[in-house]
1. Simple spin-label model, 7 Å along Cα-to-Cβ: residue B:127 to residue A:236 in nm?
2. If you bin the C-alpha pair distances of the protein assembly as shown every 10 Å from 0, what whole percents do you get?
3. In whole Hz, what ³J(HN,Hα) sequence does region B:239-248 give by Karplus (6.51, -1.76, 1.60; θ = phi - 60°), x for Gly and Pro?
4. Per residue of chain B, what 222 nm ellipticity follows from adding -39500 (n - 2.57) for every DSSP H run with n ≥ 4, rounded to the nearest 500?
5. Can you give the calculated 222 nm mean residue ellipticity of chain A, where each DSSP H run of n ≥ 4 adds -39,500 (n - 2.57) and the sum is split over every residue, rounded to the nearest 500 deg cm²/dmol?
6. Write down Rg/Rh for chain B, rounded to two decimals, with Rg from the C-alpha atoms and Rh from the Kirkwood relation over Cα pairs.
7. Considering amide H positions built from the backbone, and no H for Pro or chain starts, which residues 5 or more places from residue A:160, or on another chain, come under 5 Å of its amide H?
8. Taking the 0 to 90 degree range and rounding to the nearest ten, how far is the long axis of helix B:143-155 tilted relative to the main principal axis of chain B, both from C-alpha atoms?
Amino acid sequence: MLIALWQRAAGLRGTLGTLLVLLLLWEAAVWWFAPPVILLPAPSGIIADFFRTPGYYMKQASMTLWITLVGFSLATVLGVALAVAIVSSRLLDRVITTVLVIMNSLPKVALAPLFVIWMGIGAEPKVAITLLLAIFAIVADVALGLRSVDPDALALARVNHASTWDILTKVRLPNALPALFVGMKVAISFALVGAIVGEFVGGSGGLGFVILTAQGQFDTTRVFTALTLLGIMGTVLFYAVESVERLAVPWHTSQRNSAGHGRSG
Amino acid sequence: MPACVEILSAGRVYASPRGAVTALADVSLAVEEGEFLSLLGPSGCGKSTLLKCIAGLDAPSSGEIRVRGKPLSGPPRDIGMVFQRDVLLDWRTILENVVLAAEFQGQSRRGAKGRALAERAMLLLERFGIGSCADRHPWELSGGQRQRAAICRALLCEPEILLMDEPFGALDAMTRDDLNVELSRIMGGGAEAEARTVVFVTHSIAEAVFLSDRVAVMSAGPGRVAQVFPIDLPRPRPLSVRESPEFTRHVAAIRDLFTQLGVAQH
């Protein structure tokens, strides 16, 4: 456990170190080649821009974060429900899978204007796009997790006359938890993309809207500030999901970290 | 009074892309009440298929299986099953795994009944020498400890019939010896024994002779019962019984039959 923490800390130091070196190289390159600021601002310029109006940026970022989280949560809940429906009936499997595959092969960016027509320019169309982008990974992974149950575990359930509900809640769903988290880690990144797409198309706020308006004014520094905030947000969200995974699936993560632990004899 | 399990010319034919495969051909066998019977044979002899048919997990395509006089349709009541792999759920502690079969049968883990259930599970774990593992998770245990827990899970509901499908096949030789002695102590006669009917699938002659009252030797292509050997060794049987001349005689007789059937045994 302590060793794992130390290794994690060491990994974090490596990541931050690499990031710092890259930023310094960027700063030095801008200083040396002096490109017009409309093409490439320096990291110091981006940081200064953020601190000129930190309240404004935090407000826009929190709008985007809110859309992302609502869409992601809905995608998770709805995705698990759809996956359960898919594995419990062949008919539902055909219907839901067909609809999902069609939805997933449509470029969501192309659907966004339609959602704006249907739902206006409030939060609803943005949440809808976020949900649509994130849900496919959840459904696909959870359905796989629900299906890949040890046949002997099902035989054990049948021999003991287990109810369908017991098989679902005591065997299939816990068995699908690791797969759910695989899906959630993919979905959280897609959710952020969905939120930005929504703000591009029908936005009156949020980091996507900031990027769009800053582009119109050729304020490249502002675009970069928004991008930086998006990068930080995406990274934090990904690791947040991973931390929840560690708490929720200790049997899986602990086995992954120390394969074969205690298996001798 | 009918036998505990009656297998009446049961056959099982599977459809496969290359045509019909006969896993079992016309097997007739009776398992008496309170008897420990082994199904012994090489892989492909249909011994696991026969056990699955008795468990109601599979159904014979011809013939019939009756449990206590009643023809089977689906798994019968009051059976316990142990598989080759322990099938312990990783997200449950050992104690929670042991009560799983009881939960499947509709018993609650909450309230006074739940506490009584947990207490009985705890007693079973202690009888099998793994009481200290109750609050640990399966991945923290050795293979032998895990299989002991799986046996406790099958015994917790006090099944009338215990079905075991090569339960010690994946264990190393020494752990296997330990578990053979323990199973013999708990199931097969003696002061502490619980009189229950056991059907035990194995491909080890020594294991079958050591544990059983009778050994049904099966042969492959198609699967059938070649001969049934009564094992009259006195109980309780310590591990040293394996060095006795009677034990050796039984093993030799079964090995001779396998040689006649053209099966190489080792």
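Where a number appears in this text, it was derived from the coordinates with a stated rule and is not lab data. Treat the numbers as computed from the prediction; the structure is a model and nothing was measured. A quick note on method: Cβ atoms are made from the backbone with ideal geometry, for glycine too, and the neighbour counts reach across all protein chains shown.
1. Taking the two extended label points, one gets 5.7 nm.
2. 3, 14, 19, 19, 14, 11, 9, 6, 3, 1, 0
3. 4, 5, 4, 5, 8, 6, x, 4, 4, 4
4. -10000 deg cm²/dmol
5. One gets -28000 deg cm²/dmol as the mean residue ellipticity at 222 nm.
6. Ratio value, two decimals: 0.97.
7. Correct list: empty.
8. 90 degrees
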